[in-house]
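Remarks on the structure that follows.
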Amino acid sequence: MNQEHERIDSKRRAFLGAATGVTAAVVVPGVILKTVAQAAPRAEPVTDAVRWGMLIDTSKCADGCDACVSACDKENGLDLQEKPEGLDEATWAGQKSVWIRKVKLQDNQTGQVTNLPLMCQHCEHPPCVDVCPTGASFKRADGIVMVDRHTCIGCRYCMMACPYKARSFIHQVVDVKLTRAPRGKGCVESCNLCVHRLDHGDISTACADACAAEGHKAILFGDLKDPESPVSQALDALPSRQIREDLQLNTGVRYTVV
């Protein structure tokens, strides 16, 4: 009996070892998880010694460019979304998950037009966390606001509370998803500052990398508590504002107002 168990365990280990390098695996019929090679995860717990955030230079944000949006979609598997059969385009446009959207603002007095990407602002005092009845919406010690999909009941109170309309609700069954960004019907989701990268030692976000690759370099990401970080130095050198400063949420995402 013990020899039989050893043979089974040996086969199981061999299978798992071979499966480590595959790019996709079927877990249950109709559901595919795409795997991505990653470095070792963090060994230490998250602390408040850092606060992750962004500075977005609106003077460098190009009209018509959606590199940050496309990069976010690809990084988090949002590009894998498909319109359900029979659903009209208008309804799908309202239901499709979006973590970053490009916004164009015009000053009514001067006529000046400003382009900017809008995502979760990672508030120090997030309204979404305050209204969540299960604790699924939460803020990590390092300032990242997230959703625990295991405890989210899909009530969408957080979506109503968010002044930035930065969250999406998953209306449809998700058949294909990335292992680094699990998604499921009935949950709320939003930008998490590419937390899967941070927790594996990669201090960057997909949107910032894509913006830099396009030559715009409008998005700076880093530790807001580190005075030597590029984002902190840029905040010291440039005038910046929070969206809806009147709410006193102390957002982790700031915008220049040059």
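Please report, as a whole percent, how much of the solvent-accessible surface of the stretch 163-258 comes from carbon and sulfur atoms (probe radius 1.4 Å). Each step should come with its number before you reach the end.
Values: 2220 of 4400 Å².
Exposed carbon and sulfur together represent 50 percent of the surface.
Can you give the accessible area of residue 167, probe radius 1.4 Å, in Å² rounded to 10?
20 Å²
Give the ranking of 251, 58, 110, 179 by solvent-accessible surface, highest area first, calculated with a 1.4 Å probe.
Values: 251 0, 58 20, 110 100, 179 65 Å².
Largest accessible area first, the residues go 110, 179, 58, 251.
Keeping all protein chains in place, calculate the accessible area per residue for the stretch 67-125 (probe 1.4 angstrom), answer in Å².
Per-residue accessible area for the stretch 67-125 comes out at 57 Å².
By the gyration tensor of its Cα atoms, with a ≥ b ≥ c the square roots of the eigenvalues, what is the shape of the stretch 159-258: rounded for a/c under 1.5, prolate for a/b over b/c, or oblate? All intermediate terms of the calculation are to be shown ahead of the outcome.
On the way: a/c = 2.25, a/b = 1.43, b/c = 1.57.
Since a/c reaches 1.5 but b/c is at least a/b, the shape of the stretch 159-258 is classed as oblate.
Just how much of residue 236 is accessible, in Å², when a 1.4 Å probe is used and the result is rounded to the nearest 10?
Rounded to the nearest 10, that gives 130 Å².
Using a 1.4 Å probe, what is the accessible area per residue for the stretch 175-258, in Å²? Could you put the intermediate results ahead of the total?
On the way: 3900 Å² over 84 residues.
Heavy-atom accessible area per residue stands at 46 Å².
Need the C-alpha centroid separation for the stretch 204-225 versus the stretch 172-186, integer Å.
One Cα centre to the other: 26 Å.
So how much accessible area does residue 171 have, in Å² to the nearest 10, using a 1.4 Å probe?
60 Å²
Can you sort 130, 175, 223 by solvent-accessible area, 1.4 Å probe, largest first? Don't jump to the answer; show the numbers that get you there.
Details: 130 125, 175 80, 223 20 Å².
My answer, sorted largest first, is 130, 175, 223.
Per the 1.4 Å probe, what fraction of the accessible area of the stretch 57-120, in percent, lies on carbon and sulfur atoms? It would help to have the intermediate numbers written out before the result.
Details: 1660 of 3720 Å².
Carbon and sulfur atoms account for 45 percent of the accessible area of the stretch 57-120.
The values are calculated or read from the model by the stated rules, or taken from the named source; none is laboratory data. These numbers were taken from a predicted model, which means no experiment stands behind them. Only protein heavy atoms, including side chains, enter the accessible area calculation; ligands, DNA and RNA are left aside. Shrake-Rupley method; radii C 1.70, N 1.55, O 1.52, S 1.80 Å.
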